Amino acid sequence: MNSVSFSQDKPQASKAQIAITFDLEMSRMYPTRDVMEWDYQKGNLNEPTKQYALEAAKIAQQRGEVIHFFCVGRVLEQPNIDWLKQIAAMGHPVGNHTYDHVNVWSTKPEQTQFRFQRSPWLIRGRSTAEIIHENIRITTLAMKQRAGIEADGFRTPGGSSAALNGREDIQQMLLDEGFAWVSSKYPPHKSSKFGTQPKEEVFASIVSALQQAQPYVYPTGLIEIPMSPISDVGAFRTSGWKLPHFLKSVRQCVEWAIENRGVFDFLCHPSIMYVEDPKFETVKLICDVVKQAGDKAEIVGLSSIAEQVRKATPQDTTQ
Ligand SMILES: [Zn+2]
C-alpha cells in the first residue's frame with residue numbers, strides 16, 4: 001500500500017482538517033426501529049430528512065463553514081429537489097453516493113442492493129462490475145441534469161476496514177469516472193453492547209482508531225479519505241447510544257485531530273440525526289471546537305483534504 005503515513009504527513013499539515021459529512025439517504029430502523037422498507041428505497045427521502053439537511057446547511061453557512069453532502073442518485077427522482085439546489089447554492093459540496101446505494105465490494109449481482117433482490121429484472125444480464133459502474137455513472141448524470149450539481153467526490157455506501165486496498169479495478173473505474181478521491185474506509189474499533197453505557201475503553205478505542213482513518217494514496221493515484229469513527233449508525237442504531245455519549249466521542253475525536261494536526265471526517269445521516277439530535281448539537285459542537293482552536297484547525301470539504309494529501313505525497317515531483 002502506497003500510503004502517506006500519518007507521521008510523514010505531519011510536517012506538511014499546518015492545520016488539522018475537519019470535515020462534517022452528511023449522507024443523503026434513508027436509514028433502516030428510522031424513524032422507528034420497525035421500519036425496514038428504506039433498504040429498498042434508499043433515495044426516497046422523507047420530509048424531516050430533507051429539512052434537517054437543509055437546516056444543518058444553513059447553520060454551517062451562518063458560521064462560515066461547509067458540510068460535505070453525499071447524494072444517492074434516486075433522490076433526484078423526487079418531485080421537488082429545491083432543498084438540494086439550495087444546499088448547493090450555499091456553497092456546500094455534494095458528492096456521488098451511487099444511485100441505489102450499491103455495495104461496491106459485492107461479488108454477485110443480486111448482492112449489490114436489496115432492491116435488486118426484490119426486482120431482479122432491473123439488473124438482469126449484467127455483471128456485478130457493470131451494475132456498480134452504471135449506478136455511479138448515472139448518479140453523476142442525474143445530479144448534473146436535474147440539479148446542475150457537479151459531483152464532488154465519491155463515497156462508497158457502507159464502509160470497509162479493507163477500503164479499496166487491492167481493488168485496483170474499482171480504483172481505476174472511479175478515476176475513469178472523473179473522481180480524484182474516494183471515501184470508502186471505516187476502521188475497526190471496540191463497540192458497546194446495545195443499550196448499555198459505553199465504557200471508557202470504547203471511547204478510547206474510537207480515538208485510537210483515528211490513526212487508521214487518515215488519508216492516503218492508492219497505487220493508482222486515487223486518494224482515500226476514510227470515514228472517521230464513530231458514525232451515527234454505529235453509535236445510535238447499532239449500539240443504542242444516547243446523544244451525550246455521541247457528543248462526548250465526537251468531541252474527543254475532534255480534539256485528537258486538532259492536537260495531532262490530523263484529519264477527522266465526521267459521518268452522519270440526516271435521516272438518523274433528525275431523530276437522535278434534533279437540535280443540531282453535533283454540528284454546532286464540531287463548529288465550536290474548531291473555532292476555539294483558532295488557526296490550528298479548519299473545517300473543509302473532502303476535496304481540500306485530498307489536495308493536502310496530494311501536496312504531501314513524496315511521489316509527486318510536480319510540487
Ligand atoms: Zn450511505
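A few comments on the model shown:
- Since only Phe22, Ile131, Leu164 are under comparison, the one whose Cα sits farthest along the positive direction of the charge dipole of the chain, derived from C-beta charges on Lys, Arg, Asp and Glu, is Phe22.
- Fraction of alpha-carbon pairs over 16 Å apart in the range 165-275 - percent: 61 percent
- Counting 0.36 nm for each residue step from Arg251 to Ser14 and taking away their Cα separation leaves a gain of 83.3 nm.
- Residues whose placed amide H lies under 5 Å from that of Asn96, excluding near-sequence neighbours: Cys71, Asp152, Gly153, Phe154, Arg155
- Flagged links, alpha-carbon separation over 27 Å, of Lys15/Lys144; Lys50/Lys193; Lys15/Lys42; Lys15/Lys50; Lys15/Lys248: Lys15/Lys144; Lys50/Lys193; Lys15/Lys42; Lys15/Lys50
- Most to least packed among 170-176, 258-264 [average Cβ atoms within 10 Å]: 258-264, 170-176
- Selected from Gln145, Gln113, Gln308 as most flexible by GNM, with the chain as the system and alpha-carbon contacts under 10 Å: Gln145
- Along the axis of the charge dipole computed for the chain (Cβ charges of +1 for Lys and Arg, -1 for Asp and Glu, origin at the Cα centre), the listed residues Met36, Leu285, Ile59 are led at the positive end by Met36.
- Remark: the range 6-312 carries a charge dipole of roughly 300 debye about the Cα centre, counting +1 on each Lys and Arg Cβ and -1 on each Asp and Glu Cβ.
- Lys, Arg +1 and Asp, Glu -1 on Cβ, resulting dipole of the range 188-284 about Cα centre, debye, nearest 20: 240 debye
- Cβ-based charge dipole, the chain, positive-most Cα from Gly148, Ser228, Ile81: Ser228
- Taking other C-beta atoms within 10 angstrom as a stand-in for reagent exposure, Cys268, Cys287 fall in the order Cys287, Cys268, fewest first.
- Note on the chain: antiparallel DSSP beta bridges, both residues inside, total approximately 10 percent of the bridges counted.
- Calculated FRET value between Lys108 and Lys144, using beta carbons and R₀ = 45 Å, to 0.05: 0.90
- By the count of neighbouring beta-carbon atoms within 10 Å, fewest first, Trp38, Trp181, Trp121 end up ordered Trp121, Trp38, Trp181.
- Loop-located trypsin sites (Lys or Arg not before Pro) in the range 102-155 (DSSP state not H, G, I, E or B) with no more than 14 neighbouring Cβ atoms inside 10 Å: Arg124.
- Annotation: amide H-H contacts under 5 Å for Asp23 (H modelled 1.01 Å from N, sequence separation of 5 or more, or interchain): Phe70, Cys268, His269.
- Helix-derived mean residue ellipticity, 222 nm - over the chain, DSSP H n ≥ 4, -39500 (n - 2.57), to 500: -11000 deg cm²/dmol
No value in this document is a laboratory result; all are computed from the given coordinates. Here the structure is a predicted model, which is why all the values come from computation and not from measurement. In this analysis, Cβ positions are derived from the backbone assuming ideal geometry, glycine residues included, and neighbour counts consider all displayed protein chains.
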